[in-house]
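A short worksheet on the structure shown next.
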Amino acid sequence: MGDSYLELTYGQLALAALLVVINGIISVVLRLDLAGRLLVAAVRMTVQLLLVGYVLHWIFAIDRWQAVLALGLLMTWVAGIIAVGRTEYRRRGIWISSLISIWASSWLVAALALLVIVQVQPWYRPQYAIPLLGMILGNTLNGVSLGLDRFGRELEANRAQVEMLLALGATSWEAARQPVREAVRTGMIPTLNAMLIAGIVSLPGMMTGQLLAGVEPIQAVRYQLVIMFLIAASTALGTLGVVLLSFRWAFTTDHRLAR
Amino acid sequence: MEPGQTTPRLQAQDLGCRLPGHEEWLFRQLQLTIEPGARMALLGPNGAGKTVLLHALALLIGCDEGQLLWRGKRVERAGVPAFRAAVIYLHQTPIFSAGTVEENLRQPFQLRVHQGRQFDRRRLEPWFEQSGWNPRLWEQSARELSGGERQVVALLRAMQLDPAILLLDEPTAALDPATTRAIEDLVIGWQAACPDQRAYLWVSHSADQVARIADRGLRLADGRLREAAVVDGR
């Protein structure tokens, strides 16, 4: 790998960090009042990424499945929490619904990628397992939070309609079919859009990274395609999962809207 | 129950409901029986819990105590949709899906509980004519109807399903006298077509209306249900 890419020193990193001064000058000249936030953002990003770098460095070095699994669980936990944080919709069971659906969909798809598609040996090789799971989680999180938010809004906005259908003899599933459908659709659309514009508007992040690391372009494209298909599947499963779980919590077993 | 008596159709025993999210009781120990053929009116001040009671009778909400018996038995969870097809609650403000009047009238037949039955426009036409309906309204968006038209459509949407009991939550509130009478005539006519089987419980604030539509009046106030005088049942 050393031959195929140029290693960066902390000096070079510092040089790049100086570019933040451009943002600072714009903020001061236009009195945007962003200088303080800019500084915090730049420092926070640096600290976060360096920390992640050291954690990954350590996990790559010890090369144990327990460590990979533990990091995967932590990432999944954080994704589940962030997904709920992005919606104002609050209901009983929202945290557990988010965590379960993100965990189940992402891990299923990641397992499929590691064991069946890429066929990594051993399966937990951190170089593959962590970035694959990370990308799948990041995108599934988006779908889950959009699905959660839309389902909550649809149910709130159409509460009277749902109740009308129940009053005419609808099961809770029949009454909530429209909100469920809208929520799943909303969660899946960003992935579809990303697939449509991939390679046209910008090169996808992972592919860019691989190109910088010296990977042959066609190989980088293959990896990118694989990850896009993984993301699409996981987002669809995660969104469907969280919407179905939310539906389950929103109604009682005797076909009433939960109070 | 004494031998020889018919099984009451819908029976609330010791029903007690709190306001959602509150400790305070709306009503407690409430007893109510709706027999086949009953023409009943429910009166009471605003906030007394009439709507909550109707929701509870249709199992649209769960009460905090007591039980509801349908033909002598508690309704099983899985049987709730079929129960609601037989005991239909009509919202005070009619609610429609996007689409024409006809599409909205067809909608209930897509539900599993009404499978095997078909929408029959010819059956509805006499009812519409009776209420002075303009035939072109069939194709109009249901959400753009006037208040009176909305009530008529909502009522017919329920009536075409042949329920045993209609729970009517102030269906003529805010309607002019002519439309009010048209809706009263529709409901009275529907019940009179099968007087031993069809029943209704009609929430109203008007003593005059109660006299026109009901044989029996009940008043819900201060958490208790009492008999109320009906001046003239016919």
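The values are calculated or read from the model by the stated rules, or taken from the named source; none is laboratory data. The model shown is predicted, which means the values in this text are computed figures rather than measured ones. Because the Cβ atoms are built from the backbone with ideal geometry, glycine has one as well, and the counts that use them run over all protein chains shown.
This table checks each residue for (1) surrounded by fewer than 24 Cβ atoms within 10 Å (Cβ to Cβ); (2) modelled with pLDDT of 95 or more; (3) touching a strand residue (DSSP E or B) at 6+ places or on another chain (Cβ under 9 Å).
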{"position": "A:S105", "(1), (2), (3)": "no, yes, no"}
{"position": "A:L112", "(1), (2), (3)": "yes, yes, no"}
{"position": "A:W123", "(1), (2), (3)": "yes, no, no"}
{"position": "A:M135", "(1), (2), (3)": "yes, no, no"}
{"position": "A:R153", "(1), (2), (3)": "yes, no, no"}
{"position": "A:E156", "(1), (2), (3)": "yes, no, no"}
{"position": "A:A170", "(1), (2), (3)": "no, yes, no"}
{"position": "A:A175", "(1), (2), (3)": "no, yes, yes"}
Name the one entry in A:E182, A:E174 that is touching a Leu at 6+ places or on another chain (Cβ under 6 Å), within 14 Å of another protein chain (Cβ to nearest Cβ) and assigned to a helix (DSSP H, G or I). A:E174
Take A:T191 and tell me if it is touching a helix residue (DSSP H, G or I) at 6+ places or on another chain (Cβ under 6 Å), polar (S, T, N, Q) and away from chain B (no Cβ under 14 Å). yes
Mind listing just one residue for me: the one in segment B:8-20 that is more than 17 Å from B:E227 (Cβ to Cβ) and assigned to a loop (DSSP other than H, G, I, E, B) and, of those, farthest from the other protein chains (Cβ to nearest Cβ)? B:R9
Selection status of B:P45, more than 14 Å from chain A (Cβ to nearest Cβ) and touching a Ser or Thr at 6+ places or on another chain (Cβ under 6 Å): no
Answer with yes or no whether A:T87 is polar (S, T, N, Q), surrounded by 10 or more Cβ atoms within 10 Å (Cβ to Cβ) and not in a helix (DSSP H, G or I). yes
If you take the residues in segment B:68-102 that are of a type in the set (S, T, Y) and either more than 7 Å from every other protein chain (Cβ to nearest Cβ) or surrounded by 19 or more Cβ atoms within 10 Å (Cβ to Cβ) (or both), which one is nearest to B:V187 (Cα to Cα)? B:Y89
Return yes or no: is A:Q219 closer than 30 Å to A:P131 by Cβ, away from every other protein chain (no Cβ under 14 Å) and within 23 Å of the chain's Cα centre (by Cα)? no
Hey, any hits in segment B:178-185 for a residue that's modelled with pLDDT under 90 and surrounded by fewer than 17 Cβ atoms within 10 Å (Cβ to Cβ)? yes
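Which of the following residues is assigned to a helix (DSSP H, G or I), outside the structural domain of A:I130 (by TED's automatic domain parsing), in contact (Cβ under 8 Å) with a residue 60 or more places away in the chain and surrounded by 14 or more Cβ atoms within 10 Å (Cβ to Cβ): A:L38, A:L56?
Checking each option against the conditions leaves just A:L56.
For B:L60, state whether it is part of a helix (DSSP H, G or I), under 20 Å from the mean Cα position of the chain (by Cα), under 18 Å from A:A160 (Cβ atoms) and within 11 Å of another protein chain (Cβ to nearest Cβ). Talk me through it step by step, then tell me what you get.
Working: part of a helix (DSSP H, G or I): no; under 20 Å from the mean Cα position of the chain (by Cα): yes; under 18 Å from A:A160 (Cβ atoms): yes; within 11 Å of another protein chain (Cβ to nearest Cβ): yes.
Here the answer is no, as B:L60 does not meet what is asked.
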Those residues of segment B:103-117 which are out of contact with any helix residue (DSSP H, G or I) (no Cβ under 7 Å at 6 or more places or on another chain) and either outside any helix (DSSP H, G or I) or more than 11 Å from chain A (Cβ to nearest Cβ) (or both) amount to B:E103, B:R106, B:Q115, B:G116
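Go through segment A:100-122 and give me each residue that's polar (S, T, N, Q) and not in a helix (DSSP H, G or I).
A:Q119, A:Q121
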Looking only at segment B:118-144, count every residue that is assigned to a loop (DSSP other than H, G, I, E, B) and surrounded by 15 or more Cβ atoms within 10 Å (Cβ to Cβ) and tell me the total. 4
Verdict on B:A41 being buried (at least 16 other Cβ atoms within 10 Å of the Cβ), in a strand (DSSP E or B) and of a type outside the set (D, E): yes
Do you know which of the residues in segment B:145-181 that are assigned to a loop (DSSP other than H, G, I, E, B) and free of Cβ contacts under 8 Å to residues at least 40 places away in the same chain is nearest to B:Q115 (Cα to Cα)? B:D162
Check on A:Q219, of a type in the set (S, T, N, Q), in the same structural domain as A:L99 (by TED's automatic domain parsing) and without any contact (Cβ under 8 Å) to a residue 24 or more places away in the chain: yes
Given (1) out of contact with any Asp or Glu (no Cβ under 9 Å at 6 or more places or on another chain); (2) of a type in the set (D, E, K, R); (3) not in a loop (DSSP other than H, G, I, E, B), number of the condition B:E23 does not satisfy: (3)
